[in-house]
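The values are calculated or read from the model by the stated rules, or taken from the named source; none is laboratory data. Just so we're clear, the structure is a prediction, and the values are computed from it rather than from any experiment. Note: ideal-geometry Cβ built from the backbone for every residue, glycine included; neighbour counts use all protein chains shown. Each accessible area value is taken on the protein alone, full model and side chains, heavy atoms only, with ligands, DNA and RNA left out. Shrake-Rupley method; radii C 1.70, N 1.55, O 1.52, S 1.80 Å.
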Amino acid sequence: MHSKRGGAGKTTIAVQLAVAWASQGYRVALLDVDPQGSVSAWFALRGKTPISSSLIATEIPGWKLSTEIDRLKEDFDILLIDTPPHAETDARIAIRTASLILVPVQPSPMDLWAAKPTLELVRREKGHALLILNRLPPRGRLADTIRARIEAEGMPLARSTLGNRSSFAASMMDGKGVVETQPKGTAANEIRALACEIADILTPAAKTAV
């Protein structure tokens, strides 16, 4: 999970996807390369609740990423990497090892412009990227305009989108995901749809997303 622009929601999406996949029976490892350590802080909260899940999270420096992936890939179905927004060296290492690079984009021109350097880096490293429209407002034309611009420029875009819903963040305050706190809610349906779409893209032999 990578974004050049901080605040695009990459860590929230990474955590929510990890929980959604774990709830579907996948064995998931979350690799926290971001020095902020938000994933690790969330997982520490999760450890205080009686949740049985095939999900782990570990905080590692970027230079150890390749080694850690080699160590974990035989025991887990999906490896999900949360990278820092402005560390190109760590991002390049992650992109080289990943099957798919997930790039969250909010419905704003600034986010769209900020996504382009990441997509260019992915192209140079011969990787595969997928833009995810995040924090979409319930109404308005801006989201449609951004989607049309993305499609017109030939950027890879997920069919599934995520709304601007406080329940995503609220679930993380308890060390959980929204599929656990509000399993029948709209947010849970959105993240499950995105998780299924991404899982279908990833190959069974190499399910590593960043």
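Please go through the range 126-155 and pick out each residue that is part of a loop (DSSP other than H, G, I, E, B) and over 19 Å from the mean Cα position of the chain (by Cα).
Residues satisfying the conditions are Lys126, Pro137, Pro138, Arg139, Gly140, Arg141, Glu153, Gly154.
Name the residue that is surrounded by the most Cβ atoms within 10 Å (Cβ to Cβ), counting only residues in the range 36-66 that are assigned to a helix (DSSP H, G or I) and modelled with pLDDT under 90. Steps first, please.
Of the residues in the range 36-66, the ones assigned to a helix (DSSP H, G or I) are 38-46, 62-66.
Then keep just the ones that are modelled with pLDDT under 90; that gives 62-66.
On the way: Gly62: 20, Trp63: 11, Lys64: 13, Leu65: 22, Ser66: 13.
Selected residue: Leu65.
Search the range 164-183 for residues that are under 26 Å from Arg139 (Cβ atoms) and free of Cβ contacts under 8 Å to residues at least 24 places away in the same chain and pair each with any residue that is in a loop (DSSP other than H, G, I, E, B) and open to solvent by 60 Å² or more (accessible area, probe 1.4 Å) when their beta-carbon atoms are under 7 Å apart and the residues are at least 6 apart or on different chains.
Ser167/Gln182; Thr181/Asp174
Which of (1) touching a residue at least 24 places away in the same chain (Cβ under 8 Å); (2) open to solvent by 10 Å² or more (accessible area, probe 1.4 Å); (3) assigned to a helix (DSSP H, G or I) does Pro107 not meet, given it meets every other one?
Evaluating Pro107 over (1) touching a residue at least 24 places away in the same chain (Cβ under 8 Å); (2) open to solvent by 10 Å² or more (accessible area, probe 1.4 Å); (3) assigned to a helix (DSSP H, G or I) leaves (3) as the failure.
I'd like to know if the range 196-208 contains one or more residues that are part of a helix (DSSP H, G or I), touching a strand residue (DSSP E or B) at 6+ places or on another chain (Cβ under 6 Å), more than 28 Å from Gly37 (Cβ to Cβ) and open to solvent by less than 20 Å² (accessible area, probe 1.4 Å).
Looking for residues that are part of a helix (DSSP H, G or I), touching a strand residue (DSSP E or B) at 6+ places or on another chain (Cβ under 6 Å), more than 28 Å from Gly37 (Cβ to Cβ) and open to solvent by less than 20 Å² (accessible area, probe 1.4 Å), one finds none in the range 196-208, hence no.
Where the second residue is modelled with pLDDT of 85 or more and the first is of a type in the set (Asp, Glu) and lies in the range 48-65, which pairs have Cβ atoms under 7 Å and are six or more apart or on separate chains?
Filtered contacts from the range 48-65: Glu59/Asp32; Glu59/Gly37; Glu59/Ser40.
Looking at Thr118, Thr83, Thr145, Thr97, which is the one that is of a type in the set (Val, Ile, Thr) and open to solvent by 50 Å² or more (accessible area, probe 1.4 Å)?
Of Thr118, Thr83, Thr145, Thr97, the one residue that is of a type in the set (Val, Ile, Thr) and open to solvent by 50 Å² or more (accessible area, probe 1.4 Å) is Thr145.
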